[in-house]
1. What per residue convex hull volume, in Å³, comes out for the protein assembly as shown when only alpha-carbon positions are used?
2. Give the average, rounded to an integer, of partner chain Cβ atoms located within 10 angstrom of each Cβ in B:398-405.
3. In region B:2-375, how many lysine pairs have Cα atoms under 25 Å apart, counting only pairs 8 or more places apart or on different chains?
4. Which percent, nearest 5, of DSSP beta bridges in the protein assembly as shown are antiparallel?
5. Classify region A:5-87 as rounded, prolate or oblate from the Cα gyration tensor: take a ≥ b ≥ c as the square roots of its eigenvalues, call it rounded if a/c is under 1.5, otherwise prolate when a/b beats b/c and oblate if not.
6. May I ask for the angle, rounded to the nearest 10°, between helix A:178-191 and the longest principal axis of chain A, with both axes built from Cα atoms and the value confined to 0 to 90°?
7. Can you list the lysines whose alpha carbon is less than 16 Å from that of residue A:221, not counting same-chain residues fewer than 8 positions off?
8. With the contact rule set at Cα under 8 Å and sequence spacing of 6 or more, what percent relative contact order holds for region B:2-375?
Amino acid sequence: MLKIKDLHASIEGKEILKGVDLEVNAGEVHAIMGPNGSGKSTLSAVLTGHPAYTVTGGSVSFNGKDLLALSPEDRAHEGLFLSFQYPVEIPGVSMVNFMRTAVNEKRRYHGEEPLSAADFLKLMREKRAIVQLDNKLAARSVNEGFSGGEKKRNEIFQMAMLEPKLSILDETDSGLDIDALRIVAEGVNTLKRADNATIVITHYQRLLDYIKPDVVHVLYKGRIVKTGGPELALELEEKGYDWLKDND
Amino acid sequence: MQQYIDIYNEHRRAIEQQSPAAMNAARERALATLLTGAVPARGSDDYEATDLGEIFAPDYGVNINRVAFPAVPATFNCALPTLSAAPFHVVNDTFHAPQNAQLAPGVVVCAMRDADARCPGVLERYYNRLAADGGDITVALNTLLAQDGVLIHVPRGVNNDKPIQLINILNAAATLMAVRRVLIVLDDGAQASVLMCDHTADATRRYLNLQVVEIHLGRDARLQYYEMEESSATTGRVSSLLARQERGSSLLVDSITLNNGITRNNYRIDIDDEQCSTTLLGMAIAGAGQHVDNHTLINHRAPRCKSHEMFKYSLDDDAIGAFAGKIYVAPGCPGVDAYQGNRNLCGSPRARMYTKPQLEIYTDDVKCSHGATVGQLDREALFYMQQRGVSLEAARTLLKQAFMSDIVDAVQLPALRERLRHLVERRFTGADALCNNCTLSH
């Protein structure tokens with residue numbers, strides 16, 4: 001599904017990714033771990049097309065398409081979703097209006113008719129239930145005045161609405177209490193199917209107790225330095241990242 | 001400016017013959033003001049970003065002999081038909097009343113020439129009272145040349161619950177200056193809402209709308225006044241609104257510029273007694289070649305009054321926006337609570353915004369503050385929306401609409417609020433001719 005080859009990227013002239021190789025297949029859950037500043041969030045930003053980053057080398061193919069040649073919105077239409085570490089508050093834009101625009105633009109991209117108002121509201125209701133998102137939140141402006149937990153649930157709600165093929169969850173566990181973490185993780189697990197895949201970016205093992213990865217990667221200084229099974233996450237939890245640095 | 005003074009001198013008799021005595025009585029002083037005052041240059045104190053000389057430079061004709069234009073051009077269709085079943089029209093500067101105006105008993109909406117018959121004494125008492133020392137040379141020019149106008153009078157204690165809608169249309173076969181004059185008088189305890197829509201029906205001609213609106217609010221009177229400009233690139237507008245509030249009165253003025261050529265709006269609100277509340281709101285959306293300049297003065301001349309002012313601009317392409325707002329608090333006015341805000345969005349590196357907030361306070365025990373910002377659309381918010389599949393263009397539109405949403409939400413007439421929301425969306429999605437082709441089936 002996703003093939004990253006020797007990806008280099010920089011921001012304001014500073015190289016952050018220094019040759020990332022990664023392959024994700026349908027049905028898999030990958031975890032990317034690593035210390036602060038290793039390039040985890042940069043990788044998600046580059047894959048989704050954030051304009052602040054410049055790709056300086058390498059390639060990314062997504063279901064056979066050259067991902068890096070697509071606009072951010074077309075990457076989304078092709079099925080790429082990023083759950084933001086810090087979801088943006090957008091005062092004055094209602095969740096309903098925002099989601100209706102997003103869903104219908106995706107449908108148009110795929111040559112489908114826009115959803116009727118009734119069908120759209122029905123879809124909103126169904127998907128809200130997955131993350132127990134209050135109707136009142138759905139009626140408000142995007143993320144405005146939401147608590148940390150509500151924002152993360154709102155991300156997973158949008159993921160449910162858009163049914164992506166590949167979801168990247170960037171530090172989805174940060175700022176969550178244990179109940180919210182459970183709800184978010186259950187939401188992600190509910191949405192897991194044989195034909196989609198998930199990349200979980202996290203600092204800690206904690207989230208991986210709820211979302212079981214098939215493969216764990218360690219990103220360090222802009223490169224993936226180690227790949228293993230779920231046991232690698234446990235090892236990192238126990239030993240920290242320092243032992244990797246020693247191998248440098 | 002001289003060419004218009006010449007017109008007056010040459011056609012003085014014709015002008016006076018067409019006009020009520022109260023209008024004629026005001027002309028001498030206006031002429032003196034014009035003869036002694038120079039046209040302020042661009043860059044001068046009150047005209048930092050707007051070239052008044054350039055606005056008046058085209059050789060506009062004035063309809064001295066009151067040539068009749070069609071009451072309402074056949075092609076014309078207003079954006080707000082649900083608001084008032086029977087709107088009043090002003091074509092250029094001639095007033096037309098509908099057959100079946102729906103007004104509360106005693107309420108008069110009439111041409112100034114009919115004022116003596118319809119509500120004796122009102123015009124004499126109030127006409128030009130605020131405009132005489134209005135200061136601006138353009139007000140004097142209006143007073144010099146105005147031949148007719150609209151009088152709205154709501155008598156003591158009457159609540160005219162349906163909005164009074166005035167649709168102003170520019171439509172002539174020549175380059176024309178419409179000299180519009182409006183007087184709104186609400187006696188003690190009266191209530192009304194007024195909506196003025198400015199349109200240009202034939203946008204192949206150049207027009208100038210030279211307008212003066214005077215508003216008098218008696219004790220405990222309540223007025224909502226909305227003015228919406230939806231004209232054309234060929235239209236200039238120089239408008240002055242002068243209002244005076246008596247004890248306990250409440251005034252909302254909402255200035256909306258959706259489409260225009262070059263616009264200069266002056267607002268001066270004199271708060272003359274205690275317990276008044278004043279809200280002055282503004283929205284300007286401007287794109288290529290458009291210029292919007294709002295100049296405001298909230299004149300606190302009495303203790304314990306509250307005023308709130310907020311103007312928002314969204315500028316694209318090479319649009320120019322200007323805002324100058326002064327809050328003045330006279331000596332001996334404790335307990336005044338005044339806020340002024342001006343928030344601006346520049347959607348293009350070529351757009352220019354000039355903002356000048358001023359507080360002038362001569363009483364210690366008051367609460368006055370202001371804030372002015374000029375910024376761009378939030379890049380992180382745009383990317384967030386793009387990541388969800390919203391195109392950059394649609395994301396920009398959503399953010400711009402969101403930026404204006406508090407001004408739209410502050411409209412107190414539900415039908416106007418919904419209509420305005422729709423018109424703002426259409427404006428930002430690039431739909432032209434907002435009003436002329438708009439349907440209500442959405």
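Values quoted throughout were computed directly from the atomic coordinates according to the rules given, and no laboratory measurement underlies them. Quantities reported herein were computed from a predicted structural model and do not represent experimental measurements. Backbone-built Cβ (ideal geometry, glycine too); neighbour counts: all protein chains shown.
1. 185 Å³
2. The per-residue average across the peptide is 4.
3. 9
4. On the way: 33 of 185 bridges.
Counting DSSP beta bridges with both partners in the protein assembly as shown, the antiparallel share is about 20 percent.
5. rounded
6. That works out to roughly 80 degrees.
7. Filter leaves A:14, A:18, A:40, A:245.
8. Working: 1024 pairs, mean separation 40.2, N = 374.
Reported relative contact order: 11 percent.
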